[in-house]
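Structure, as structure tokens:
The values are calculated or read from the model by the stated rules, or taken from the named source; none is laboratory data. Treat the numbers as computed from the prediction; the structure is a model and nothing was measured. Positions of Cβ are backbone-derived with ideal geometry, glycine not excepted, and every protein chain shown enters the neighbour counts.
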Amino acid sequence: MRTWTEHPAKADAEAVVRRYFDLLRAGRIHEAGQLIDHSPVRHVLKSLWTGSVEASSDEDEASGSPAADEWEQDVSWLGELNLADFHWGDTGSHFYVEITYRAQIIEVALSFWVKPVDAGWVIAGPGTLW
């Protein structure tokens, strides 16, 4: 986990989130979780799946819906997600980032915060925003 002795600059915090997301997209879930003081990654993946692949899939039952745990078994769909814009709160400690799926912004965003800890400052999160 990246720790700063002083409150990190916005660009530094965003760089950690970009790296976290790059690792998720590459299917390196455990490694991504090591970068930040994080909530369980499983809920993040489920939310991203629900807001992207599941939301864009045809609701027609005849087409066959994906297995309930498909999002966990085959994470190749993560490769179609990208980060869009970062949005910072007034305090400079809380921010969220919009996510795109196939170049369209989805309803789910990931929220993070710059958290004080005994050793300094870390990035905590992500929370999922709908």
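Could you please find all residues in region 84-110 being part of a loop (DSSP other than H, G, I, E, B) and touching a residue at least 40 places away in the same chain (Cβ under 8 Å)?
Gly92, Ser93, Arg102
Just need a number here: residues in region 2-22 that are crowded, with 18+ Cβ neighbours inside 10 Å and either at pLDDT below 90 or within 11 Å of the chain's Cα centre (by Cα) (or both).
The total comes to 3.
Quick test of your reading of the structure: Gly79 fulfils all but one of (1) surrounded by 13 or more Cβ atoms within 10 Å (Cβ to Cβ); (2) not in a loop (DSSP other than H, G, I, E, B). Name the failing condition by number.
Going through (1) surrounded by 13 or more Cβ atoms within 10 Å (Cβ to Cβ); (2) not in a loop (DSSP other than H, G, I, E, B) one by one, Gly79 breaks only (1).
Can you tell me which residue in region 64-104 is modelled with the highest pLDDT, limited to those that are over 20 Å from Arg25 (Cα atoms) and among the hydroxyl-bearing types (Ser, Thr, Tyr)?
Filtering region 64-104 for residues that are over 20 Å from Arg25 (Cα atoms) and among the hydroxyl-bearing types (Ser, Thr, Tyr), the one modelled with the highest pLDDT comes out as Ser93.
Taking region 113-130, which residues are in a strand (DSSP E or B) and more than 9 Å from the chain's Cα centre (by Cα)?
Of everything in region 113-130, those that are in a strand (DSSP E or B) and more than 9 Å from the chain's Cα centre (by Cα) turn out to be Trp113, Val114, Lys115, Pro116, Val117, Gly120, Trp121, Val122, Ile123, Ala124, Leu129.
Limited to region 87-104, what total is found for residues that are surrounded by fewer than 17 Cβ atoms within 10 Å (Cβ to Cβ) and of a type in the set (Phe, Trp, Tyr)?
Total satisfying the criteria: 1.
Test Ser52 against the stated conditions and say whether it is under 13 Å from the mean Cα position of the chain (by Cα), at pLDDT 95 or above and closer than 17 Å to Gly127 by Cα. Walk me through it before giving the result.
Working: under 13 Å from the mean Cα position of the chain (by Cα): yes; at pLDDT 95 or above: no; closer than 17 Å to Gly127 by Cα: yes.
So Ser52 fails the test.
If I ask for residues that are touching a Gly at 6+ places or on another chain (Cβ under 6 Å) and outside any helix (DSSP H, G or I), which ones from region 1-26 would you list?
Within region 1-26, Thr3, Trp4, Thr5 qualify.
Among the residues in region 57-68, are any part of a strand (DSSP E or B) and not β-branched (Val, Ile, Thr)?
No.
Checking Trp113 against (1) in contact (Cβ under 8 Å) with a residue 24 or more places away in the chain; (2) surrounded by 15 or more Cβ atoms within 10 Å (Cβ to Cβ), which single condition isn't satisfied?
Among (1) in contact (Cβ under 8 Å) with a residue 24 or more places away in the chain; (2) surrounded by 15 or more Cβ atoms within 10 Å (Cβ to Cβ), Trp113 violates only (1).
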